[in-house]
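A.B. asks: One structure is given below, represented as C-alpha cells, and several questions about it will come after.
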Amino acid sequence: MATIGPFLIPYNPVRFGTFKPNLPPDSTHLLGTDSFGRDVLAQMIIGTNQSLQIAITAALIGTFVGMVLGFMAGYYGGFIDAILRSITDIWLVIPMLPMLILIASMARRTEIWVMSLVLSLFSWAWPARQVRGQTLSLKNREFIYMAKLSGMGNTEIIFTEIVPHMLGWILTVLTSAVLWAMMAESGLEILGLGPQHTITLGMMLYWSNLYASIFRGLWWWWSPTIVMLILIFTSLYIMHIGVTEIVNPRAKKEGR
C-alpha cells in the first residue's frame, strides 16, 4: 500500500481545503476528512510511505556504520579495538530520548533526510557492539587461518570469509533497527519535532492531538493511524522473530 498507493491518489493529500473539513467516513472518503479538509486515507497512505522511508534509511545507515566499526574493532583488536569500544560504550550510555529531542528541535527545517540522519546517530552503537562480538568469535576459527595462509588480505578476509557467515544475523539486526527507528520516529513526531511540510504517521497524530480530535469526537482522524502503527510494529516484530529462528534454530526450539 505504501509503495503503490501514492501513485493512485489523483490529488495532493497535503493541500489544505481540498474537501469539506471534519467529514465522517462515507463512500467517498473511507476514513473521513480532517479539520484541514484533507482525506485521512490518502494521508495515511502517504504517511506510511514516508515513515517507512525514514525508518529504513536510518536503520540502513546505522547498521552499515555499526558493521564497519564492529568489523574493525573485532578483527584488528589492540589499540583500534580499545578506541572504538570506548566510543561505542560512551555512546550507549548517553540518554537517547533527550538527545534526540534536542537535536530534532535544533534543526531549523526538518525534512525526511534530516529525520533519518538524526535517528541514525543513535542506531549504530548496538550493531557495532554486536558485530564486534561476533567478529571476535569468528576470527579465531580454522577457516580464517586457512584464508591467511592462502595469502588473503585483511579486507578480503572480512568481506569474503566473515561477512557471509554473518549475513543472516545482520538481517536480524537490520530488522530490529527498523523497528526501533519506526518507534523513535513516531515518538518524536508526536511531539511535533518531525517534518512539518509533509505527512508521516507520527505527524498525523501530532496534528490530530494539536486540534483536540479526541475531545471533538473526530475518532477517524487518529484511530486509523494508531491501528496502522500497531500493525507495522507487530509485523516488524514478527519478521524479527522469524529471521532469528531461521538464523538460530535453537531459538525456535526454545520458543516451542
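The values are calculated or read from the model by the stated rules, or taken from the named source; none is laboratory data. Source: prediction; values computed, not measured. As a convention, Cβ positions derive from the backbone with ideal geometry for all residues, glycine included, and neighbour counts pool all protein chains shown.
Table: residues versus (1) farther than 23 Å from Ile87 by Cα; (2) surrounded by fewer than 18 Cβ atoms within 10 Å (Cβ to Cβ); (3) touching a residue at least 60 places away in the same chain (Cβ under 8 Å); (4) in contact with a helix residue (DSSP H, G or I) (Cβ under 9 Å, 6 or more places away or on another chain).
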position	(1), (2), (3), (4)
Ser123	no, no, yes, yes
Trp126	no, no, yes, yes
Thr135	no, no, yes, yes
Leu149	yes, yes, no, no
Thr160	yes, yes, no, yes
His165	yes, yes, no, yes
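A.B. asks: Hey, any hits in the range 220-230 for a residue that's closer than 21 Å to Leu117 by Cβ, at pLDDT 85 or above and either among the polar types (S, T, N, Q) or surrounded by 14 or more Cβ atoms within 10 Å (Cβ to Cβ) (or both)? It would help to see each step written out before you state the result.
C.D. replies: Initially, the range 220-230 is screened for residues closer than 21 Å to Leu117 by Cβ, giving none.
No, because not a single residue in the range 220-230 is closer than 21 Å to Leu117 by Cβ, at pLDDT 85 or above and either among the polar types (S, T, N, Q) or surrounded by 14 or more Cβ atoms within 10 Å (Cβ to Cβ) (or both).
A.B. asks: Further, regarding this structure: Which numbered condition in (1) in contact (Cβ under 8 Å) with a residue 60 or more places away in the chain; (2) of a type in the set (A, V, I, L, M, F, W, C); (3) surrounded by 13 or more Cβ atoms within 10 Å (Cβ to Cβ); (4) assigned to a helix (DSSP H, G or I) is the only one that Met72 fails?
C.D. replies: Result: Met72 fails condition (1) only.
A.B. asks: Can you pull out the helices (runs of 4 or more DSSP H) entirely within the range 135-237 that have at least 3 residues that are among the small types (Gly, Ala, Ser)? Give the derivation first.
C.D. replies: Values: elements: 142-149, 154-157, 163-190, 201-210.
Correct list: 163-190.
A.B. asks: Okay, next question. Looking only at the range 60-79, count every residue that is over 17 Å from Ser137 (Cα atoms) and more than 20 Å from the chain's Cα centre (by Cα) and tell me the total.
C.D. replies: The total comes to 1.
A.B. asks: Within the range 89-101, does at least one residue satisfy the condition of being surrounded by 20 or more Cβ atoms within 10 Å (Cβ to Cβ), modelled with pLDDT under 90 and farther than 26 Å from Ile4 by Cβ? First the steps, then the outcome.
C.D. replies: If we filter the range 89-101 for residues that are surrounded by 20 or more Cβ atoms within 10 Å (Cβ to Cβ), which is where we start, we get 100.
Next cut, modelled with pLDDT under 90 only: 100.
Those still in the list that are farther than 26 Å from Ile4 by Cβ too: 100.
Yes, because at least one residue in the range 89-101 is surrounded by 20 or more Cβ atoms within 10 Å (Cβ to Cβ), modelled with pLDDT under 90 and farther than 26 Å from Ile4 by Cβ.
A.B. asks: Something else: Quickly run through the range 208-246 and pick out the residues that are within 22 Å of the chain's Cα centre (by Cα) and in contact (Cβ under 8 Å) with a residue 60 or more places away in the chain.
C.D. replies: Residues satisfying the conditions are Pro224, Thr225, Met228, Ile232, Leu236, Met239, His240, Val243, Thr244, Ile246.
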